[in-house]
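The values are calculated or read from the model by the stated rules, or taken from the named source; none is laboratory data. The structure presented is a predicted model; accordingly, all values stated were derived computationally and were not measured. Here the Cβ is made from the backbone with ideal geometry for all residues, glycine too, and neighbour counts use every protein chain on show. Quick note on the areas: whole protein, heavy atoms, side chains included, nothing else; ligands and nucleic acids left out. Shrake-Rupley method; radii C 1.70, N 1.55, O 1.52, S 1.80 Å.
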Amino acid sequence: MTDRDPFAEGERAARETIPAEANPYQNGSDEHALWAAGHEKVAGAIEASESEGS
């Protein structure tokens, strides 16, 4: 049994500039939604900081 955290995995993926389309979980699953939410949280913050800094 693994203690995978889809939300944290999505956050990490966004920090590593892995695209949202690379979500490894089955579309429609709770894990897919959590991964996407984590990715969007970090990606949105990155985009906001880039637009503020330019």
In degrees, nearest ten, helix 30-53 long axis to first principal axis of the chain (Cα): 10 degrees
Folded to 0 to 90 degrees: helix 6-15 orientation relative to the chain principal axis, Cα: 30 degrees
Accessible area expressed per residue, the chain, with surrounding protein chains retained (probe 1.4 Å, Å²): 73 Å²
Virtual spin-label span in nm between GLU40 and THR17, 7 Å along Cα→Cβ: 2.4 nm
Within-14-Å neighbourhood charge of LEU34 [Cβ basis; K, R +1; D, E -1]: -4
Sum of -39500 (n - 2.57) over DSSP H runs of 4+, divided by residues of the chain (222 nm, nearest 500): -21000 deg cm²/dmol
The chain - percent of accessible surface contributed by carbon and sulfur, probe 1.4 Å: 51 percent
